[in-house]
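Participant: Mind having a look at this structure? Questions to follow.
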Amino acid sequence: MIDKIYILNLDTRTDRWNSIKNHLSDINITNYERVSSTKINFDSTISYVKLAQISCFHSHLKTLRKAKELQLNSVLILEDDCYFINSDKLNKLNDSYDILYLGCNRKIYRNNDSLIYISKIEKINDDIVKIDECGTTHSIFYSKRFIDKIIEMYPTDEVFFQKAFTLDEKYCVYDVFLNWFTEINNIQKYCIYPIMCIQRESFSDIQFCNTNYGEEIKQSWL
């Protein structure tokens, strides 16, 4: 059961907001709330991409804080380029899983975007697999237990930004953080299988160019 669905969307990206609203309407998902995504704007020696990555991380974090304040038992957080290739397993989401991806990229990159390996999976049942390291954060279901652990680490924005501006990837890139955080806390990650969500092709405010990760996400599961 999902207590709440949140959608992260920059105020300037009305195109994405309209696109995902229409898409969710087509698949009869209507009970959601928009969250205004963080956009850090100031003169800095930090690259635009890094600032955008930190902004993305903070957008997820403040949404998790909102869920904790409301004492929700579970939430689904979608980024505004999320695209459902099927939605028939939404009823499989329940808070027995601390963190459950509706889709992710199993291809793991390092060292100037060199492909290192394809993350291993282990079948749990006909709908769920265990997954180790993975990329992308466009569609993730969280339990209250997991939210509490993250907020314990990041009780305030001051703590978050102090860590983020070290530019250590595990503190400023959200999917890298989740891989690190689940490992050090011995938390198992899961993913719906076959995956439900990919990312729609569109202009990325992080990469500052048009991106199309959807096919790569699907291919990483072949």
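The values are calculated or read from the model by the stated rules, or taken from the named source; none is laboratory data. As the structure is a prediction and not an experimental result, all values here were calculated from the model. Note that we place each Cβ from the backbone using ideal geometry, even for glycine, and neighbour counts take in every protein chain shown.
Participant: Residues of the stretch 61-78 being within 12 Å of the chain's Cα centre (by Cα) and either more than 19 Å from residue 24 (Cβ to Cβ) or free of Cβ contacts under 8 Å to residues at least 12 places away in the same chain (or both), which ones?
Facilitator: 61, 64
Participant: Which one of these does residue 152 not meet: (1) surrounded by 14 or more Cβ atoms within 10 Å (Cβ to Cβ); (2) closer than 20 Å to residue 187 by Cα; (3) not basic (Lys, Arg)?
Facilitator: With (1) surrounded by 14 or more Cβ atoms within 10 Å (Cβ to Cβ); (2) closer than 20 Å to residue 187 by Cα; (3) not basic (Lys, Arg) applied to residue 152, the lone miss is (1).
Participant: Since residue 133 meets every condition but one in (1) farther than 19 Å from residue 73 by Cβ; (2) modelled with pLDDT of 95 or more; (3) not basic (Lys, Arg), which condition does it not meet?
Facilitator: It fails just one condition, (2).
Participant: Checking the conditions here, which among 193, 101 is hydroxyl-bearing (Ser, Thr, Tyr) and under 20 Å from residue 56 (Cβ atoms)?
Facilitator: Just one listed residue meets the conditions, 101.
Participant: Given the options 162, 199, 219, name the one that is within 20 Å of residue 54 (Cα to Cα) and surrounded by fewer than 16 Cβ atoms within 10 Å (Cβ to Cβ). Before you say what the answer is, go through the steps one by one.
Facilitator: Working: 199 fails: surrounded by fewer than 16 Cβ atoms within 10 Å (Cβ to Cβ); 219 fails: within 20 Å of residue 54 (Cα to Cα).
After applying the criteria, what remains is 162.
Participant: Still on this model: For the stretch 132-146, state whether one or more residues are over 15 Å from the mean Cα position of the chain (by Cα) and among the aromatic types (Phe, Trp, Tyr).
Facilitator: Taking every residue of the stretch 132-146 in turn, none turns out to be over 15 Å from the mean Cα position of the chain (by Cα) and among the aromatic types (Phe, Trp, Tyr).
Participant: Can I ask one more? I'd like the full set of residues that are closer than 23 Å to residue 7 by Cβ and in a loop (DSSP other than H, G, I, E, B), limited to the stretch 96-120.
Facilitator: Hits for the stretch 96-120 are 97, 98, 102, 103, 104.
Participant: What number of residues in the stretch 55-92 are at pLDDT 95 or above, farther than 30 Å from residue 157 by Cβ and surrounded by fewer than 16 Cβ atoms within 10 Å (Cβ to Cβ)?
Facilitator: 1
Participant: Here's another thing I want to ask about it. Under 6 Å between Cβ atoms, which residue pairs at least 6 apart in sequence (or on different chains) link something in the stretch 8-34 that is more than 15 Å from residue 87 (Cα to Cα) with a partner that is exposed (fewer than 11 other Cβ atoms within 10 Å of the Cβ)?
Facilitator: Within 6 Å, no pair qualifies.
Participant: Further question: Restricting to the stretch 100-128, count the residues that are β-branched (Val, Ile, Thr) and either free of Cβ contacts under 8 Å to residues at least 40 places away in the same chain or closer than 25 Å to residue 24 by Cα (or both). Lay out the reasoning, then the answer.
Facilitator: Here is the first cut: in the stretch 100-128, the residues β-branched (Val, Ile, Thr) are 108, 116, 118, 121, 124, 128.
Adding the requirement that they be either free of Cβ contacts under 8 Å to residues at least 40 places away in the same chain or closer than 25 Å to residue 24 by Cα (or both) leaves 108, 116, 128.
Here the count works out to 3.
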